[in-house]
Every structure is written in C-alpha cells, then in structure tokens.
Amino acid sequence: MEKLDALTALNALSQETRLDIFRYLVQIGPEGVPAGQIGEQLALPPATLSFHLKTLQHAGLVERKRQSRSLIYAAHFAKMNSLLAYLTENCCAGDPGHCATLCEYDKLHNSHPSELALGHGLESSLRGRR
C-alpha cells in the first residue's frame, strides 16, 4: 500500500459514522449485507448512509455488488489487511518480541478474530449514537 492510499483510508475512517459502518461490515463478514440492513442497524437515514458508503467505497474499504434488486455492501478485507500491514511494517524496529501481530495476539489470547478486528464495545458504541 502506498502512503496516499493509507491516508485516504484513514481519512475515511476518521469520521464516527463511517467508522461505525466499517466496523459493522467487518463484523458481518465477507458475505456483506444490503444497504437497508446497515441503515436499520445503525439508525441512519438512506441519504446519510449512501453518502458515507460512497466515501468508504472511494477509499477502497467497502465493496458493493448487486444481488437481484439489492445492493450488497461488504468490507474489503484485503484493503483492510493492507492498511494494517502498512501501519505495522516497521513496528518495533523489526523486533517481533516487542509487538505481536494480530495473528500472534489471537494465538496468545484465544480471541475470536472478529474481536481483534473490532475490539470490544461495538454494540455499546452503536447504542450511544442512536
């Protein structure tokens, strides 16, 4: 990943609603969900949701596919992993003893991978926005 791509992705995620949308899509997984379900889950009006989804798509963090008459949105996991790799490529001067990768952290703590990607408290942060 290039620096400009990382900046675009980080800028998209720096807004609260977009971060909530992205975290929800990460939680859902690669199969994605219709836009209406995202709006219902996050209590967002269609116009607001559309605006934020377009920004996330432009940043490459969200993919959209048509399924019959529905638009299905999903997190672009390859782009997310590229961003994480970019941010951590020179971590701790290359000494893995000082910082664990997400996979190492998962092995050490037996956490579900979605917990590592989302952290804890998504539900409470979503409730606080409604």
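Each reported figure results from applying straightforward, stated rules to the coordinates on display, with no laboratory input. These numbers come from a predicted model, not from an experiment. Backbone-built Cβ (ideal geometry, glycine too); neighbour counts: all protein chains shown.
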Sorted peptide list for 22-30, 34-42, criterion being average Cβ within 10 angstrom, highest first: 22-30, 34-42
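Can you sort LEU44, LEU71 so the residue with the fewest Cβ neighbours within 10 Å comes first? Don't skip to the end; give the middle numbers.
Working: LEU44 21, LEU71 14.
Listing LEU44, LEU71 from fewest to most nearby Cβ atoms yields LEU71, LEU44.
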